[in-house]
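**Q** Would you mind keeping the following structure in view while I ask a few things?
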Amino acid sequence: MINKKFGRLTVLKELEEKSNSNKVYLCKCECGNEKAIRGDRLKNGNTRSCGCLQKEAAGRRTVHGASSQWWYNRYSQMVQRCHNPKAHGYENYGAAGVYVCNKWINDPWAFGNWLIAEMDNLGLTEKTINGYHVDKDLLGKGYYGPDSCVLMLAQKNSALSATNRMKKCTLKNIETGETVEFKSFSDAAKFLECSNSTVSKYNGKVYLEWSIN
């Protein structure tokens, strides 16, 4: 765990104290703050900063006048479900390791400009975009950003999610070397207590960790 990075946090050392039998680590955030955080909360993605990330997300509505734009509600929902533990859907996004890239989270206009460019490519307008989703899974990167997302018809997005849920996959625990095969992404996601998109992102990668103790 030492020197590993989780979101904005870098693990400095393990502390002697424990919380509900879970190991506790001293972490340093990119903003400079240091904070003691439970290891399970780092590994399952529940904690990705010292708290500054949530504050930034909460205050995003007033940045650069973006809140008055027609696309801002779409942007805000994306940020909230990834970075606000109290938001609807957070358990399937932020808690599962899905995040919004720094470029978008720091500048709502970067998202808005990307979205409008994608709409132009597809010949869409503000009135015709309602049937489309910003999809993060087709390109296989599993996070929200200009190099990982595409605009996709909602029906195709749902179909893609359904297809991914039925794909077979194999996961390897880097701590023990144990390999487990699953009949579908859904089965693997239930085992890991995470989202299908997280399984898709790490399928077959030897560095996946599923133990949280």
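Each reported figure results from applying straightforward, stated rules to the coordinates on display, with no laboratory input. Computed from a predicted model, the values in this text were never measured in an experiment. Because the Cβ atoms are built from the backbone with ideal geometry, glycine has one as well, and the counts that use them run over all protein chains shown.
**Q** Which of the peptides 26-34, 109-117 is most tightly packed, and how do the rest follow, going by the mean number of other Cβ atoms within 10 Å of each residue?
**A** 109-117, 26-34
**Q** Run the quick spin-label model on LYS141 and LYS18: label points 7 Å from Cα toward the beta carbon, then report their separation in nm to one decimal.
**A** Taking the two extended label points, one gets 4.0 nm.
**Q** Stretched out fully, how many nm does the piece from ALA117 to LEU26 gain, at 0.36 nm a residue minus the Cα gap?
**A** Result for the pair: 28.5 nm of gain on full extension.
**Q** If the limit is 30 Å between Cα atoms, which of LYS55/LYS136; LYS23/LYS86; LYS18/LYS141; LYS23/LYS136; LYS18/LYS55; LYS55/LYS127 go over it?
**A** Beyond 30 Å: LYS18/LYS141; LYS23/LYS136; LYS55/LYS127.
**Q** Grab the Cα-Cα distance for LYS4 and SER68, subtract it from 0.36 nm times how many residues apart they are, and report the gain in nm with one decimal.
**A** 19.1 nm
**Q** Now for a different question. Tell me, Kirkwood radius of region 1-44 from alpha-carbon pair distances, in Å?
**A** Evaluated over region 1-44, this radius sits at 10.2 Å.
**Q** Taking 30 Å as R0, compute the FRET efficiency from the Cβ-Cβ separation of GLU126 and LYS103 and round it to 0.05.
**A** Efficiency for this residue pair is about 0.85.
**Q** Return the sequence-ordered ³J(HN,Hα) values of region 92-105 in whole Hz as given by the Karplus equation 6.51 cos²θ - 1.76 cosθ + 1.60 applied to θ = phi - 60°, using x for Gly and Pro.
**A** Per-residue couplings from phi come out as 9, 10, x, 5, 9, x, 7, 9, 9, 4, 4, 4, 7, 6 Hz.
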